[in-house]
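Presented below is the structure to which this report refers.
The values are calculated or read from the model by the stated rules, or taken from the named source; none is laboratory data. All values derive from a computational prediction rather than experimental measurement. Using ideal geometry, Cβ is built from the backbone for each residue, glycine included, and neighbour counts are taken over all protein chains shown.
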Amino acid sequence: MFLEIIKMSIESLWGNKIRTFLSMLGIIIGVSTVIAVVGIGKGAEQSVNEQFQGLSANSLIIMSSRSRGSTGSSNLKASDASVVKEKAEYITEATSLVRGSETVSVGKESANVSILGIDHNYFDVSNYTLKEGESITEEDIDSREKKVILGFNTVENLFEGDVDLVGQNITIKGKSYEIIGVLDEIGSSFGPVVPDDSIFVPYTTAEKSILGTKAFILLNLTVGSVENVEVATQEVSAILREEHKLKASADDDFRISDAGSMVGAAQESAQLMTVLLTAVAAIVLLVSGIGIMNVMFVTVAERTREIGIAKAIGAKQFDVLSQFLLESVALSTIGGFFGIILGLGALYLINYLNIMLIAYTVIGPIVGFSFSVIVGVFFGFYPAFKASRLDPVDALRGE
């Protein structure tokens, strides 16, 4: 009997192809939207984690309070990192970064490359390793040596073939710089800082000889423990105000952010985006469910005589309920299946075109398909129940 119910349901759906397709369309769009949204949201969370993976919850980030892109001078200096480490009780590690961009030439080839001025312990604090060569030393910083370390991708951008780079020279602003090392592949970034695509030099060289007032200064400090982040922030603020000779009434010429708050805020933003877009997709599925309910009511009205004949020859209420409920669930599950294909296809296209970082996860298909089945059962039950309660005599007379 159950196989007969399935056969009749399939025949009914197939007999009204256009209506069946239009009923499934909302489910298809809703499920594909859920999958795409979850993939994009998880990709955003992964991007946030990759950008901040070099930081811990007990890190402090200090930047100039001047507006980004301004060419005016700033009191914040890369050397402030060593001053803070020397004077601050709660700071265990301190490193600085001077960031900007400049044209770099190798032979007849030239390219605009990100220049990162660093101190001698920057790689250690950031957990970066060298593929070959040696790192920048304190002596290099003190004497403003014209030495560079190339990021992993920068090698491919500036040089052709497999060559021994250590000891060779590149030209920056008309001056020759010796390559002393090549950084191993990092594969992640910290905001606009992409180590793989950069060239590293002593920060004193970057400040005085390459970037000048175009330099953007950033200090990365490590607090001894997470519990001391707040008191460490106050301590560092006092030291920098004294170092910069700011009056009591003057505003700070720097901004201090703790990495834990930065990471948490970025993750919350990514998660909130995922939740909101998923809610939109759920609304689409809800509306499509109402459409399925409407279609099933119309179907019941059209097939009143069929229901009356079936009940007259012995069909039970459960049989009629099962048939119409099965049709509703079939609409939603088939729509859910095609929605999964469309959603995964959309993610593949986004990834192929490199529009944004996406993450393939089973959560999206599972949530989308489950929701489609629930929609089919929930919105199909009442029309099916109403059909099963029809009196066979009234059904035959009503036709």
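Could you check how many residues of the stretch 12-35 are surrounded by 24 or more Cβ atoms within 10 Å (Cβ to Cβ), modelled with pLDDT of 80 or more and of a type outside the set (V, I, T)?
Total satisfying the criteria: 2.
Of the residues S322, S249, S288, which single one is modelled with pLDDT of 70 or more, touching a helix residue (DSSP H, G or I) at 6+ places or on another chain (Cβ under 9 Å), over 13 Å from A387 (Cα atoms) and polar (S, T, N, Q)? It would help to see each step written out before you state the result.
Details: S322 fails: over 13 Å from A387 (Cα atoms); S249 fails: touching a helix residue (DSSP H, G or I) at 6+ places or on another chain (Cβ under 9 Å).
S288 is the lone residue from the list that is modelled with pLDDT of 70 or more, touching a helix residue (DSSP H, G or I) at 6+ places or on another chain (Cβ under 9 Å), over 13 Å from A387 (Cα atoms) and polar (S, T, N, Q).
How many of the residues making up the stretch 106-123 are surrounded by fewer than 17 Cβ atoms within 10 Å (Cβ to Cβ) and either within 17 Å of L60 (Cβ to Cβ) or of a type in the set (G, A, S) (or both)?
Counting residues in the stretch 106-123 that are surrounded by fewer than 17 Cβ atoms within 10 Å (Cβ to Cβ) and either within 17 Å of L60 (Cβ to Cβ) or of a type in the set (G, A, S) (or both) gives 3.
For E86, are the conditions met, namely being assigned to a helix (DSSP H, G or I) and exposed (fewer than 14 other Cβ atoms within 10 Å of the Cβ)?
Details: assigned to a helix (DSSP H, G or I): yes; exposed (fewer than 14 other Cβ atoms within 10 Å of the Cβ): yes.
Here the answer is yes, as E86 does meet what is asked.
Quick grid of which residues meet (1) part of a strand (DSSP E or B); (2) crowded, with 18+ Cβ neighbours inside 10 Å; (3) touching a residue at least 40 places away in the same chain (Cβ under 8 Å):
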{"position": "I199", "(1), (2), (3)": "yes, yes, yes"}
{"position": "K208", "(1), (2), (3)": "no, no, yes"}
{"position": "T213", "(1), (2), (3)": "no, no, yes"}
{"position": "I217", "(1), (2), (3)": "yes, yes, yes"}
{"position": "E227", "(1), (2), (3)": "no, no, no"}
{"position": "A232", "(1), (2), (3)": "no, yes, yes"}
{"position": "E235", "(1), (2), (3)": "no, yes, yes"}
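Where residues in the stretch 97-116 are of a type in the set (G, A, S) and at pLDDT below 85, which of them is nearest to I217 (Cα to Cα)? Quick ask: steps written out before the conclusion?
Step one: list which residues in the stretch 97-116 are of a type in the set (G, A, S), which gives 100-101, 105, 107, 110-111, 114.
If we keep only those that are at pLDDT below 85 too, we end up with 107, 110-111.
On the way: G107: 30, S110: 25, A111: 23 Å.
Among those that are of a type in the set (G, A, S) and at pLDDT below 85, it is A111.
Please tell me if A248 is part of a loop (DSSP other than H, G, I, E, B), at negative phi and out of contact with any Ser or Thr (no Cβ under 9 Å at 6 or more places or on another chain). Outline the logic, then answer.
Details: part of a loop (DSSP other than H, G, I, E, B): yes; at negative phi: yes; out of contact with any Ser or Thr (no Cβ under 9 Å at 6 or more places or on another chain): yes.
Taking the combined requirement at face value, the residue satisfies it.
Within the stretch 344-382, restricting attention to residues that are among the small types (G, A, S), closer than 20 Å to V329 by Cβ and crowded, with 17+ Cβ neighbours inside 10 Å, which residue is nearest to the chain's Cα centre (by Cα)? Break it down stepwise before answering.
Going through the stretch 344-382, the residues among the small types (G, A, S) turn out to be 345-346, 359, 364, 368, 370, 372, 376, 380.
From what is left, the residues that are closer than 20 Å to V329 by Cβ are 368, 370, 372, 376, 380.
With the extra rule that they be crowded, with 17+ Cβ neighbours inside 10 Å, the set shrinks to 368, 372, 376, 380.
Numbers: G368: 20, S372: 26, G376: 32, G380: 37 Å.
The selected residue is G368.
Go through the stretch 341-374 and count every residue that is of a type in the set (G, A, S) and outside any helix (DSSP H, G or I). Walk me through how you get there before you give the answer.
Going residue by residue through the stretch 341-374, those that are of a type in the set (G, A, S) are 343, 345-346, 359, 364, 368, 370, 372.
Okay, now just the ones that are also outside any helix (DSSP H, G or I), so 359.
The total comes to 1.
Please work out if E242 is at pLDDT below 85 and in a helix (DSSP H, G or I). Before you say what the answer is, go through the steps one by one.
On the way: at pLDDT below 85: no; in a helix (DSSP H, G or I): yes.
Judged against the criteria, E242 is not a match.
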